[in-house]
Amino acid sequence: MAVEIERILRERSSTTAIGPRASKDILVLSDSIFIFDFDKTITQGLGTDQKVRGGERTLKAMKSLKDCGGTIAVVTARSKVSAGLLTQIQRNEKLYSLFFTPPASPEEETKITNASETAPTNEDNPHVIPTETLSLDGISVQCSKNRRAFACGFHKHVVVAHLAAGGLHVPAKNAPEKKKSAPPAQFRHVYFFDDNPNNAFEVACLSPVLCDEISKASPIAKEARVLSIHSFWCSTFLEEIAGKIGSDPKDPDYPYQDMYTTALAKFGIDPQEMKRRDESIRKKFNQVLQARREARNQSRSTPEKCKDLVS
């Protein structure tokens with residue numbers, strides 16, 4: 001994922017630069033939103049103690065997006081953001097600063113995710129990030145009140161479309177009344193990252209259509225339409241073979257299943273490559289299981305050391 005972010009930064013730098021003295025310092029991404037899945041996309045797997053996938057390189061790349069004015073949000077297939085996700089973000093200071101510390105630029109206050117001047121907290125418990133439940137196109141979505149973290153099951157394309165079209169605007173805490181009542185700004189460029197090929201496929205195919213429908217009903221539709229929605233499948237294949245990320249072929253989310261053939265084809269994976277990857281992962285999975293069995297058997301067969309009793 002870090003590689004894709006770095007490529008985006010380079011490409012946007014080259015298109016933003018003007019004149020012989022132009023440099024990367026002028027790169028401005030305030031017209032862009034970057035939306036990430038969490039488990040196995042930002043992190044190496046499930047659980048509150050998981051490491052960031054790609055380590056410091058990933059965190060540095062994401063910070064660069066924010067430093068250039070980009071808006072960053074996380075959209076998970078979990079049913080609730082409060083069920084571990086927010087806790088996991090809070091435990092990593094750098095992740096927390098990405099999603100719950102406002103950017104330095106005052107212009108960013110009008111964006112959808114900048115709800116206050118400080119990280120959102122519950123007045124009774126400053127360590128609790130307050131949440132709320134929304135209804136988007138009949139789908140129940142739980143999110144943090146600053147609209148940076150969303151849990152929506154397998155309806156990510158809906159949340160992405162509403163985020164992109166400015167339908168989830170939260171005015172700045174101390175913004176003047178005129179600003180608070182103003183229509184939200186849409187994003188011109190949307191970038192989505194997910195380790196599940198079907199989620200990435202649905203965002204690529206369905207979000208633009210839904211985004212158009214939302215935009216047509218918006219008072220700013222003519223002035224600011226979403227120009228592009230880029231969806232990236234963050235394959236974990238190489239990390240699985242290297243033993244950095246575990247994958248169970250019996251998992252409903254396992255990517256190399258027949259039902260994902262169309263989605264994988266969108267990202268350049270044909271049936272032959274699907275089969276090759278599936279066989280490689282199953283072989284690795286069985287090797288891991290065998291190693292664990294042997295380790296357990298070894299521990300059971302090793303006799304406990306007898307200690308001399310001294311009377």
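The values are calculated or read from the model by the stated rules, or taken from the named source; none is laboratory data. Predicted, not measured: the structure shown is a model, and the values here were computed from it. Cβ placement follows ideal geometry from the backbone for every residue including glycine, while neighbour counts extend to all protein chains displayed. For accessibility, only protein heavy atoms count, side chains too; no ligands or nucleic acids. Shrake-Rupley method; radii C 1.70, N 1.55, O 1.52, S 1.80 Å.
The table below lists the values:
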read-out	value
All positions within segment 260-288 that are aliphatic (A, V, I, L, M) and either open to solvent by less than 50 Å² (accessible area, probe 1.4 Å) or modelled with pLDDT of 95 or more (or both)	Ala263, Leu264, Ala265, Ile269, Met274, Ile281
In segment 68-91, the residues that are surrounded by 22 or more Cβ atoms within 10 Å (Cβ to Cβ), at pLDDT below 85 and not in a helix (DSSP H, G or I)	Val81
Any hit, segment 225-233, residues being at pLDDT below 90, under 22 Å from Val160 (Cβ atoms) and hydrophobic (A, V, I, L, M, F, W, C)	yes
Which listed residue, of Ala149, Ala185, is surrounded by fewer than 20 Cβ atoms within 10 Å (Cβ to Cβ), on the phi < 0 side of the Ramachandran plot and modelled with pLDDT of 50 or more	Ala185
Residue under evaluation Lys40, criteria (1) modelled with pLDDT of 95 or more; (2) not in a strand (DSSP E or B), criterion not met	(1)
Residues being touching a residue at least 40 places away in the same chain (Cβ under 8 Å) and of a type in the set (Asp, Glu) - total across segment 267-304	0
